[in-house]
Amino acid sequence: MAKKQTYGNDSIKSLKGADRVRLRPAVIFGSDGLDGCEHAIFEILSNSIDEARQGYGKEITVTRYADHSVEVEDHGRGIPVDYNKREERYNWELVFCEMYAGGKYNNNDGGNYDYALGLNGLGLCATQYASEYMDADIRYDGFRYTLHFEHGENIGGLNKEPYGKKVTGSRIRWKPDIKVFTDIDVPADYYTDIIKRQAIVNAGVKFILKNEVSPRKFETTEFCYENGILDHVRELVGEDALTSVQFWQSEKRVRDREDLPLYNVKINAAVAFSNRVHLTEYYHNSSWLEYGGAPDKAVQNAFVYQIDAYLKQNGKYNKSESKIKFQDVEDCLVIVMSSFSTMTSYENQTKKAINNKGIQEAMVEMLRHNLEIYFIENPIEAEKIGAQVLINKRSREDAEKTRLNLKGKLTAKMDITGRVAKFVDCRSKDVSEREIFIVEGDSALGAVKQARDPNYQAVMPIRGKILNCLKADYDKIFKSEIITD
């Protein structure tokens, strides 16, 4: 056997440069598989979305190439990549090659971005490190800048040339590295899903998806929702909605703890009720919160509280009937919430949940207030909602009773007490003291049952005398099912 190395001071090492991502991609992207590769695409797309949301460029083009490379082009301000006097380094080195370097750290202090998806200065650099190659074409401040990277290393430095056109922006093309990710074949469905979601929560921004189906032949799909989440909910419920679609907005200054700074939060919610479809969907700074977090808790709190209050005030509950649960509301609820804040506590870099206490409290307050007004101003719709929620509740409870009854019957068949007719069990489950008396006939069963100690003595009857055939008539004998069997 090979001799093992001694674990000592020389065993500790520090990852540097591209190795920080290439050797441990799951730390940044959440996975070293296809999920991680997909999230890398979202990181680059996020930067373009942040520009569009600030009002710089209203069109973003994403191209999926047949060789698994990806290109994202926007018409924003462009990435500042020239020399940075304060840092005494070129900005391209910081944003493309330095972890935790970016321009979105001071959003709460009047920075360049009010509400940003990018927060940590990790996405662009990490994606560059995890790529087989990356090409950047940037039009900014009267110049055109180009950069080329391979396997996390820059090749050829920064190329700069005068640019006379007014249109600014960035075009990033890269190919995820199969040496970093176990799979880079991102399906077209992922692109369609993620781009549609971004169109929904970024009202008025046009997203163009180009999918290369054969060499130099592209299928193009456009996504644009002029009214954002409101159009999306209308599209979902169609004409069969139980109620009209409501759109609520709120803006507030909140804090997550008394000693922490205040920050801005903006909340948009599109709500409808339907007995045909149900959906709860949450976004923050346009990132889809697949795992919810604060918005999920806020919706559960507000809707159960307000609908329960309505049912009580209007005497809709039966006497001694239990309170509704969120499951009863959720079965007929369609809600899409899109919130923005200048400070955010995402669960991690993949941004699939938020846990800000201040945002949650603001959402609860906004939803309760708007629901209360909605029920007062729309009594007919409020009655429909209350009736449907009670139907959901009562059907759930009936289904639960049926399930428990069936479970009890099936469980009984597995137990000796169910398999043996007229078996009388004892209370104790301790096998060291349990006893069983086997008796003949029902009369013996009755006598022993009364005389036994029910704590540890069980009784199992077996069939007694069938019939005294010497004394019985033939008719009586052959009417006995046991004898004929």
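The values are calculated or read from the model by the stated rules, or taken from the named source; none is laboratory data. Keep in mind that this is a model prediction, so the values were computed, not measured. As a convention, Cβ positions derive from the backbone with ideal geometry for all residues, glycine included, and neighbour counts pool all protein chains shown.
Can you pull out the residues in segment 16-52 that are of a type in the set (D, E, K, R) and farther than 15 Å from Glu73 by Cα? Steps first, please.
Initially, segment 16-52 is screened for residues of a type in the set (D, E, K, R), giving 16, 19-20, 22, 24, 32, 35, 38, 43, 50-51.
Matches in segment 16-52: Lys16, Asp19, Arg20, Arg22, Arg24, Asp32, Asp35, Glu38.
Report yes if Ile195 is assigned to a loop (DSSP other than H, G, I, E, B) and assigned by TED's automatic domain parsing to the domain that holds Ile60, otherwise no. Even if it seems obvious, please write down each step before you answer.
Details: assigned to a loop (DSSP other than H, G, I, E, B): no; assigned by TED's automatic domain parsing to the domain that holds Ile60: yes.
No.
Sort through Tyr56, Tyr65 and tell me the only one that's hydroxyl-bearing (Ser, Thr, Tyr), in contact with a Lys or Arg (Cβ under 9 Å, 6 or more places away or on another chain) and more than 19 Å from Met134 (Cα to Cα). Before the answer, list the steps.
Details: Tyr65 fails: more than 19 Å from Met134 (Cα to Cα).
So the residue among Tyr56, Tyr65 that is hydroxyl-bearing (Ser, Thr, Tyr), in contact with a Lys or Arg (Cβ under 9 Å, 6 or more places away or on another chain) and more than 19 Å from Met134 (Cα to Cα) is Tyr56.
Taking Glu290 as the residue in question, decide whether it is touching a helix residue (DSSP H, G or I) at 6+ places or on another chain (Cβ under 9 Å), of a type outside the set (Ser, Thr, Tyr) and assigned by TED's automatic domain parsing to the domain that holds Lys393.
On the way: touching a helix residue (DSSP H, G or I) at 6+ places or on another chain (Cβ under 9 Å): no; of a type outside the set (Ser, Thr, Tyr): yes; assigned by TED's automatic domain parsing to the domain that holds Lys393: yes.
No.
Among all residue pairs at least 6 apart or on different chains, which show Cβ distances below 7 Å where the first residue, located in segment 162-176, is part of a strand (DSSP E or B) and modelled with pLDDT of 90 or more and the second is surrounded by fewer than 19 Cβ atoms within 10 Å (Cβ to Cβ) and among the hydrophobic types (A, V, I, L, M, F, W, C)?
Pro162/Phe143
Would it be correct to say that Ser395 is loosely packed, with under 14 Cβ neighbours inside 10 Å, of a type in the set (Gly, Ala, Ser) and either assigned to a helix (DSSP H, G or I) or touching a Gly at 6+ places or on another chain (Cβ under 9 Å) (or both)?
Details: loosely packed, with under 14 Cβ neighbours inside 10 Å: yes; of a type in the set (Gly, Ala, Ser): yes; either assigned to a helix (DSSP H, G or I) or touching a Gly at 6+ places or on another chain (Cβ under 9 Å) (or both): yes.
Criteria met by Ser395.
Among the helices (runs of 4 or more DSSP H) contained in segment 12-84, which hold 1 or more residues that are within 19 Å of Ala188 (Cα to Cα)? I'd like the intermediate steps shown before the answer.
On the way: elements: 19-22, 25-29, 34-53.
Those helices (runs of 4 or more DSSP H) span 34-53.
Would you point out the residue of segment 60-101, among those that are aliphatic (A, V, I, L, M) and within 28 Å of the chain's Cα centre (by Cα), that is farthest from Lys196 (Cα to Cα)? Let's see the steps before the verdict.
First, pick out the residues of segment 60-101 that are aliphatic (A, V, I, L, M): 60, 62, 66, 70, 72, 79, 81, 94-95, 99, 101.
Restricting the remaining residues to those that are within 28 Å of the chain's Cα centre (by Cα) gives 60, 62, 70, 72, 99.
On the way: Ile60: 12, Val62: 12, Val70: 17, Val72: 15, Met99: 30 Å.
Checking each candidate, the answer is Met99.
If Pro461 satisfies all but one of (1) assigned to a helix (DSSP H, G or I); (2) surrounded by 14 or more Cβ atoms within 10 Å (Cβ to Cβ), what's the number of the condition it fails?
Just one mismatch for Pro461, condition (1).
Restricting segment 289-335 to residues that are in contact with a strand residue (DSSP E or B) (Cβ under 7 Å, 6 or more places away or on another chain) and without any contact (Cβ under 8 Å) to a residue 60 or more places away in the chain, which is farthest from Glu383 (Cα to Cα)?
The selected residue is Asp296.
Against the definition (of a type outside the set (A, V, I, L, M, F, W, C), part of a loop (DSSP other than H, G, I, E, B) and modelled with pLDDT under 90), how does Glu239 come out, yes or no?
On the way: of a type outside the set (A, V, I, L, M, F, W, C): yes; part of a loop (DSSP other than H, G, I, E, B): yes; modelled with pLDDT under 90: yes.
The answer is yes for Glu239.
For segment 205-222, how many residues are surrounded by fewer than 19 Cβ atoms within 10 Å (Cβ to Cβ) and within 24 Å of the chain's Cα centre (by Cα)? Let's see the steps before the verdict.
Filtering segment 205-222 down to residues surrounded by fewer than 19 Cβ atoms within 10 Å (Cβ to Cβ) leaves 206, 208, 210-222.
Restricting the remaining residues to those that are within 24 Å of the chain's Cα centre (by Cα) gives none.
Looking only at that region, the number is 0.
Examine segment 28-37 for a residue that is in contact (Cβ under 8 Å) with a residue 24 or more places away in the chain and touching a strand residue (DSSP E or B) at 6+ places or on another chain (Cβ under 6 Å), and state whether such a residue exists. Please lay out each step first, then the result.
Of all residues in segment 28-37, those in contact (Cβ under 8 Å) with a residue 24 or more places away in the chain come to 28-30, 32-34, 36-37.
With the extra rule that they be touching a strand residue (DSSP E or B) at 6+ places or on another chain (Cβ under 6 Å), the set shrinks to 37.
Yes, there is a match, as at least one residue in segment 28-37 is in contact (Cβ under 8 Å) with a residue 24 or more places away in the chain and touching a strand residue (DSSP E or B) at 6+ places or on another chain (Cβ under 6 Å).
Out of segment 29-76, which residues are of a type in the set (Ser, Thr, Tyr) and touching a helix residue (DSSP H, G or I) at 6+ places or on another chain (Cβ under 7 Å)? Break it down into steps so the answer makes sense when it comes.
Kept after step one, since they are of a type in the set (Ser, Thr, Tyr), are these residues of segment 29-76: 31, 46, 48, 56, 61, 63, 65, 69.
The one that is of a type in the set (Ser, Thr, Tyr) and touching a helix residue (DSSP H, G or I) at 6+ places or on another chain (Cβ under 7 Å): Ser46.
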